[in-house]
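The values are calculated or read from the model by the stated rules, or taken from the named source; none is laboratory data. Everything numeric here is computed off the predicted structure, so don't read it as measured data. Positions of Cβ are generated from backbone atoms using ideal geometry, with glycine treated the same way; all protein chains shown enter the neighbour counts. These area figures cover heavy atoms from the full protein model, side chains too; ligands, DNA and RNA do not enter into them. Shrake-Rupley method; radii C 1.70, N 1.55, O 1.52, S 1.80 Å.
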Amino acid sequence: IDLLSENAAPIIIIAIGEVFLLICGQIDLSVGFTYALSPFIMYFAITYYHFPAFLAIIASLVMGLIVGWVNGFVTVTLGVPSFITTLGTGFVLLGIVLTTSHAYPVSIPPSAATLGKYLGADPWSQFIWAVILTAIFYVVLNRTRWGLHTVATGGNQLGAREAGINVGRITYGNFMITGVLGALVGLQVAFYGNTIDPSAGGYEPMFLSVTAAVIGGTAMLGGQG
């Protein structure tokens with residue numbers, strides 16, 4: 001049961017972000033590569049730049065935030081469809097991972113081990129994160145203005161814009177949420193396996209997460225979820 005929960009948790013967490021994006025009419029194909037790069041950011045920050053472990057983990061999450069912002073910029077501001085945008089972003093991130101890691105796995109820095117047990121190393125910790133985040137974002141989607149505006153943006157973007165909703169801000173924000181969740185999952189999986197693997201992530205967790213979102217009732221064309 002523990003193994004099943006630890007395998008399910010990363011998919012659940014990434015699916016949360018994909019649900020928000022799908023509802024507002026977008027998708028993120030790059031999140032699995034954000035997942036792959038995130039623990040390497042932590043490793044490089046600690047090993048080469050002597051960051052405290054906590055700040056290195058924050059830097060990894062900020063990287064996910066930046067990737068989400070870039071996806072939002074190219075999609076919203078430059079007008080490129082998110083399918084194309086995030087496909088390209090994924091290839092860029094994959095190149096960064098393989099180039100910086102030389103395609104070799106590395107060990108978790110010892111200074112990060114203590115924090116790691118709360119993020120994913122301890123049994124059930126990933127699943128507890130998944131349950132807590134699911135509850136939080138359920139409330140966000142169903143009980144807050146952000147959730148209402150996300151549904152409105154995906155259901156009728158022109159109508160939402162005419163009603164005064166900043167659809168660009170909503171789309172940017174949901175890309176950034178997905179990027180941070182992908183980075184968090186990358187850290188959790190690395191801590192759980194006690195290794196940082198350049199072959200982790202990729203398209204598989206993204207496809208499984210999108211599948212979970214759609215089976216769970218999220219419309220591929222937006223406006224419902």
The number of residues in the range 139-165 that are touching a residue at least 24 places away in the same chain (Cβ under 8 Å) and over 12 Å from G225 (Cα atoms) is 4
Taking into account only those residues within the range 1-18 that are touching a Gly at 6+ places or on another chain (Cβ under 9 Å) and more than 13 Å from V31 (Cα to Cα), which is modelled with the lowest pLDDT?
-> E6
Name the single residue, out of those in the range 191-207 being farther than 19 Å from G179 by Cα and assigned to a helix (DSSP H, G or I), that is least open to solvent (accessible area, probe 1.4 Å).
-> G193
How many residues does the range 155-175 contain that are more than 16 Å from A219 (Cα to Cα) and not in a helix (DSSP H, G or I)?
-> 4
Within the range 64-95, how many residues turn out to be under 15 Å from A183 (Cα atoms), of a type in the set (A, V, I, L, M, F, W, C) and open to solvent by 20 Å² or more (accessible area, probe 1.4 Å)?
-> 5
Would you call L55 part of a helix (DSSP H, G or I), among the aliphatic types (A, V, I, L, M) and within 25 Å of I165 (Cβ to Cβ)?
-> no
Considering only helices (runs of 4 or more DSSP H) wholly within the range 76-154, the ones with at least 1 residues that are among the aromatic types (F, W, Y) and under 20 Å from the mean Cα position of the chain (by Cα) are 82-101, 125-143
Which of (1) modelled with pLDDT of 95 or more; (2) open to solvent by 70 Å² or more (accessible area, probe 1.4 Å); (3) over 28 Å from P52 (Cα atoms) does T99 not meet, given it meets every other one?
-> (3)
Among (1) open to solvent by 10 Å² or more (accessible area, probe 1.4 Å); (2) at pLDDT 95 or above; (3) touching an Asp or Glu at 6+ places or on another chain (Cβ under 9 Å), P123 falls short only on (2)
Sole miss for I46 among (1) part of a loop (DSSP other than H, G, I, E, B); (2) farther than 25 Å from T171 by Cα is condition (1)
Restricting the range 208-225 to residues that are exposed (fewer than 15 other Cβ atoms within 10 Å of the Cβ) and not aliphatic (A, V, I, L, M), which is nearest to V180 (Cα to Cα)?
-> T211
How many of the residues in the range 8-59 are open to solvent by 10 Å² or more (accessible area, probe 1.4 Å), among the polar types (S, T, N, Q) and within 16 Å of the chain's Cα centre (by Cα)?
-> 1
Somewhere in the range 199-209, is a residue farther than 20 Å from G68 by Cα, out of contact with any strand residue (DSSP E or B) (no Cβ under 9 Å at 6 or more places or on another chain) and modelled with pLDDT under 95?
-> yes
